[in-house]
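Novice: Take this structure, written in structure tokens, and hold onto it; I'll ask about it next.
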Amino acid sequence: MAETTQFDLVPDHKGMVWDLLLYIPTVVALASLAASFWYGDDHNMGYLFFFLTCFFFIAGFNRVFKTRLMLLPSAPVSIKVGDGTLGLVQRNGIQVNLVKNLRYYADYAGKSFGITGLDGAGKQLQFVFHKGQFPTAEKFDSLQTIFKNKFNK
């Protein structure tokens, strides 16, 4: 029987603060530009900046509520690593198993990483995990070591 290692995740409140400090001023600035172009009779630029405002708002909302605070139903709350498979337990209780084309992507700063793969139905899924989501830095480093050894050969 294959050995399975489980890593439970915790909300990353410190990372959430940094993300809010990044996204809130960005969204406010883009919305201000959109309004100034709209009322300055350059509607095309107004539409463009309104689109950018919406895009950054949605990206920031998803990053804070799914990856940092893990409040959305599809947010992973636990990672189970087996031989050649990866199970992610989501907040809604559903376990997603990535079984094929598993890839691990580390960032250069070493504070987050991404994983991608195909589930049993053939759907390509991707997830991002941050260092603050792990109870200790050692667990974060040990999971990265496991991913480097198992999934990027």
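Novice: Write down the Kirkwood hydrodynamic radius of the chain, to one decimal in angstroms, obtained as one divided by the mean of 1/r over all alpha carbon pairs.
Specialist: On the way: mean 1/r = 0.0582 Å⁻¹.
Averaging 1/r across every pair of different Cα atoms and inverting gives 17.2 Å.
Novice: Loop only by DSSP, 10 or fewer other Cβ within 10 Å of the Cβ. Give me the trypsin sites (Lys or Arg not before Pro) in region 75-132 that pass, ordered by residue number. Before the final figure, lay out the partial values.
Specialist: Numbers: sites: K80, R91, K100, R103, K111, K123, K131; in loops: R91, K111, K123.
Passing sites in region 75-132 are K123.
Novice: While we're looking at this one, here's another question. Hey, with R₀ at 22 Å, roughly what FRET efficiency would K139 and A59 work out to, going by the Cβ-Cβ distance, to 0.05?
Specialist: About 0.20, to the nearest 0.05.
Novice: Ignoring everything except DSSP H segments at least 4 long, calculate the 222 nm mean residue ellipticity for the chain; use -39,500 (n - 2.57) per segment, divide by total residues, nearest 500. Could the numbers behind the result be given before it?
Specialist: Numbers: 3 runs with 62 residues, N = 153.
Mean residue ellipticity at 222 nm (helix-derived): -14000 deg cm²/dmol.
Novice: Provide the per residue accessible area, probe 1.4 Å, for the chain, rounded to a whole number of square angstrom.
Specialist: On the way: 9300 Å² over 153 residues.
Averaged over the residues of the chain, the accessible area is 61 Å².
Novice: Still on this model: Full-extension gain between S78 and N101, please, as 0.36 nm times their residue separation minus the C-alpha to C-alpha distance.
Specialist: Numbers: separation 23, 0.36 × 23 = 8.28 nm, distance 2.03 nm.
The S78-N101 span can extend by a further 6.2 nm.
Novice: If each residue of separation counts as 0.36 nm, what is the full-extension length gain between A109 and Y39 once their alpha-carbon separation is subtracted?
Specialist: Values: separation 70, 0.36 × 70 = 25.20 nm, distance 4.17 nm.
Extra length available between A109 and Y39 comes to 21.0 nm.
The values are calculated or read from the model by the stated rules, or taken from the named source; none is laboratory data. Bear in mind the structure is a predicted one, so any value in this text is a computation, not a measurement. Methodologically, a virtual Cβ is constructed for each residue, glycine included, from the backbone with ideal geometry; neighbour enumeration extends over all protein chains shown. Ligands, DNA and RNA are stripped out before the accessible areas are found, and what is left, the full protein with its side chains, is counted by its heavy atoms. Shrake-Rupley method; radii C 1.70, N 1.55, O 1.52, S 1.80 Å.
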